[in-house]
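Peer 1: Next up is a structure, given as structure tokens.
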Amino acid sequence: MNSKERTLAAICHRQPDRPPLYVSLTPKVAEKLCLILGVPYEEPVDAMESARISHMDLLTRMGVDIVAVAPGVPYNSPTITLEDGRMRNEWGMVFRNVGLYSEFAEYPLAHAETEKDILDYRFPEAEAPGRFDTSVEMLAKYSGKYAVIGDVETMFFELSWYLTGFEKFLVDMMLGAEYQPVLMDRIMNYILVAGKKLINMGVDILWCGDDFGSQQGMIMDPDTWRSVFKPRIKYMFEEFRKVRPGIKIAWHSCGSILPIIPDFIEIGLDILNPIQPQAFGMDPVFLKKTYGNNLVFFGGIDVQRLLPFGTPGDIRDEVHRRIDILGKDGGYILAPAHNIQPDTPIENIFAFFNAAMDQG
């Protein structure tokens, strides 16, 4: 099997020769690996989902089966560096660099209270010139041999609080603030255009997502999720399948989201990511036994303890265990539960790749 065949078998619940592999890296990790392997370092792609779609030449050389593409930044609205060193993106979000990541410094809709506040805000254009140029190039380069994910996984919950602030958005949701439905719907329409574009371009999987879980449980109660978010997600899945009925849809949510997994199945989810090992209740044996006939599992390798602090032997054993559990009868994409972080020793990264490859 080549990489594409392997992935298509797994996501259709057929047993591949080994589970397909997907990996994403933080830039510092990519730099270290390029130096060791003698591979030219490529700067990260300027995009909302930058880590997911960058360093693909390096990663395909190392053995991944799946590459990802996503909407990028258009020509007419690049991310800019301000005089004080902070960065502002096309949405008007301002970030400060704190080392491994950038953190929010200003929220452009922190003042929002009414529907008019949202209508007065200028949303980016989903098909602005240049937004999909990198995706076109990557599809031309990789789609023959590799499976391709189209990534739109920061959606109307996360983008909403990126614009307003996290605490404000959650409090306003409980208070029924006037601006919230129109804000989420405007973002939803942006994502719909972008997702449909990627489906038409030929991606094999559309990767959606918002983080609804924390380490111990859901960020909000399940009934709130069902009333506010579930109908919009269902509508989006239906719209995506109007473009291509057979498109496989993945959903990313960090943390523990056990109460709403049946809801996702009900509205047509195919693939659940990232199966965060340290989150409460996200046990692979339970998940496979309970939902394995309905869902493909994507992720499952711990980046909080195992990869940074385990030994190469620990990593090999855990990778094999996860494959034995989640990969039985297909239905598993092997991946770290998040971007591989700079605290991960290089020998542990190679141990992970080696363990993934020797399961054929």
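Throughout, read-outs are computed from the coordinates displayed, never taken from laboratory work. Source: prediction; values computed, not measured. So basically every Cβ, Gly included, is an ideal-geometry build from the backbone, and we count neighbours across all protein chains shown.
Peer 1: Take every Cα pair under 8 Å in the range 114-188 that's 6+ residues apart, average their separations, divide by the length, and report that relative contact order as a whole percent. Don't skip to the answer; put the middle values down first.
Peer 2: Numbers: 31 pairs, mean separation 38.8, N = 75.
Normalised by residue count, the contact order of the range 114-188 is 52 percent.
Peer 1: Pairs of Cα atoms under 8 Å, at least six residues apart: use those to get the relative contact order of the chain, whole percent. Provide the component values of the computation, followed by the final result.
Peer 2: Values: 662 pairs, mean separation 72.4, N = 360.
Rounded, it is 20 percent for the chain.
Peer 1: Between E115 and E137, what length comes free when the chain is fully extended (0.36 nm per residue of separation minus the Cα-Cα distance, one decimal in nm)? Present the calculation step by step, with values, prior to reporting the outcome.
Peer 2: On the way: separation 22, 0.36 × 22 = 7.92 nm, distance 3.89 nm.
Value of the extension gain: 4.0 nm.
Peer 1: Now, a different point. Rounded to the nearest 20 Debye, what is the dipole magnitude of the range 109-268 about its Cα centre when Lys and Arg each give +1 and Asp and Glu each give -1 at the C-beta? Before the final figure, lay out the partial values.
Peer 2: On the way: 17 positive and 24 negative charges, 155 e Å.
Magnitude of the dipole: close to 740 debye.
Peer 1: For the residue pair D358 and F104, what label-to-label distance in nm results when each label sits 7 Å from Cα along the Cα-to-beta-carbon direction?
Peer 2: So the two model labels end up 4.4 nm from each other.
Peer 1: Here is a follow-up. Could you list T79, T164, T134 so that the one with the fewest beta carbons within 10 Å of its beta carbon is first and the one with the most is last?
Peer 2: Numbers: T79 15, T164 24, T134 19.
Final ranking by Cβ density, sparse to dense: T79, T134, T164.
Peer 1: In addition: When DSSP assigns beta bridges and you keep just the ones with both residues in the range 1-155, what percent turn out antiparallel, to the nearest 5?
Peer 2: Details: 8 of 12 bridges.
Just about 65 percent of them are antiparallel.
Peer 1: How about the range 17-102: which chymotrypsin sites (Phe, Trp or Tyr not before Pro) there are in a DSSP loop, with at most 16 other Cβ atoms within 10 Å of their Cβ? Walk me through the numbers on the way to the answer.
Peer 2: Working: sites: Y22, Y41, Y75, W91, F95, Y101; in loops: Y22, Y41, Y75, W91, Y101.
Passing sites in the range 17-102 are Y41, Y75, Y101.
Peer 1: Follow-up question, since we're still on this one. What list of whole percents do you get for P(r) of the range 266-331, with Cα-Cα distances grouped in 10 Å bins up to the one holding the largest distance?
Peer 2: 20, 52, 23, 4, 0
Peer 1: Once you treat every alpha carbon in the range 103-163 as an equal point and sum by Debye, what is log10 I(q)/I(0) at q = 0.24 Å⁻¹?
Peer 2: Computed log10 I(q)/I(0) values: -1.10.
Peer 1: Now a separate question. Along the charge dipole of the range 24-134, Cβ charges K/R +1 and D/E -1, which of I118, V64, S77 sits furthest on the positive end?
Peer 2: V64
Peer 1: Rounded to the nearest 20 Debye, what is the dipole magnitude of the chain about its Cα centre when Lys and Arg each give +1 and Asp and Glu each give -1 at the C-beta?
Peer 2: Values: 35 positive and 49 negative charges, 229 e Å.
Computed about the Cα centre, the dipole is about 1100 debye.
Peer 1: Return the long-range amide H neighbours of V94 (sequence gap of 5 or more, or a different chain), with a cut-off of under 5 Å between placed amide H atoms.
Peer 2: Here A105, E106 satisfy the definition.
Peer 1: While we're on this one: By how many nm would the segment from F166 to H320 grow when fully extended, if each residue of separation counts as 0.36 nm and the alpha-carbon distance is taken off? Present the calculation step by step, with values, prior to reporting the outcome.
Peer 2: Numbers: separation 154, 0.36 × 154 = 55.44 nm, distance 3.79 nm.
Difference between extended and current length: 51.6 nm.
Peer 1: Next question, about the same structure. Hey, got a sec? Which trypsin sites (Lys or Arg not before Pro) in the range 312-341 land in a DSSP loop and have at most 14 other Cβ atoms within 10 Å? Present the calculation step by step, with values, prior to reporting the outcome.
Peer 2: Numbers: sites: R316, R321, R322, K328; in loops: K328.
Here the sparse-neighbourhood loop sites are K328.
Peer 1: Moving on to the next point. When K197, K234 are ordered from fewest to most other Cβ atoms inside 10 Å of their Cβ, what list results?
Peer 2: Values: K197 19, K234 16.
Sorted ascending by nearby Cβ count, the order is K234, K197.
Peer 1: Work out how much length L82 to A128 would gain on full extension: take 0.36 nm times their residue separation and subtract the Cα-Cα distance, in nm to one decimal. Could you put the intermediate results ahead of the total?
Peer 2: On the way: separation 46, 0.36 × 46 = 16.56 nm, distance 2.29 nm.
Answer, rounded to one decimal: 14.3 nm.
Peer 1: If you don't mind, there's one more thing I want to ask. Ratio of the chain's C-alpha Rg to 2.2 N^0.38 Å, to two decimals?
Peer 2: Values: Rg = 19.8 Å, N = 360, 2.2 N^0.38 = 20.6 Å.
Against the compact-globule rule of thumb, the ratio is 0.96.
Peer 1: With a ≥ b ≥ c the root eigenvalues of the C-alpha gyration tensor of the range 1-124, is it rounded (a/c under 1.5), prolate (a/b larger than b/c) or oblate? Present the calculation step by step, with values, prior to reporting the outcome.
Peer 2: Values: a/c = 3.08, a/b = 1.68, b/c = 1.84.
Note, shape of the range 1-124 comes out oblate.
Peer 1: I need C254, C208, C12 ordered by Cβ neighbour count within 10 Å, fewest first.
Peer 2: Arranged by neighbour count, lowest to highest, C254, C208, C12 become C12, C254, C208.
Peer 1: Given points 7 Å out from each Cα along the Cα-Cβ axis, report the M174 to R305 separation in nanometres with one decimal.
Peer 2: 3.1
Peer 1: Given charges of +1 on the Cβ of Lys and Arg and -1 on the Cβ of Asp and Glu, with all other atoms neutral, how large is the dipole of the range 1-120 about its Cα centre, in debye to the nearest 20? Present the calculation step by step, with values, prior to reporting the outcome.
Peer 2: Working: 12 positive and 18 negative charges, 155 e Å.
Roughly 740 debye for the range 1-120.
Peer 1: So for the range 125-258: antiparallel DSSP bridges make up what percent, rounded to the nearest 5?
Peer 2: On the way: 1 of 9 bridges.
Percent antiparallel among DSSP bridges in the range 125-258 is about 10.
Peer 1: Go ahead and estimate [θ] at 222 nm for the chain from helices alone: -39,500 (n - 2.57) per DSSP H run with n ≥ 4, summed, over the residue count, rounded to 500. Show your work: numbers first, answer last.
Peer 2: Working: 16 runs with 152 residues, N = 360.
When only DSSP H runs of four or more count, the value is -12000 deg cm²/dmol.
Peer 1: Once you compute Rg and the Kirkwood Rh from C-alpha atoms, what is the Rg to Rh ratio for the range 154-247?
Peer 2: Details: Rg = 14.2 Å, Rh = 14.2 Å.
Looking at the range 154-247, the ratio lands at 0.99.
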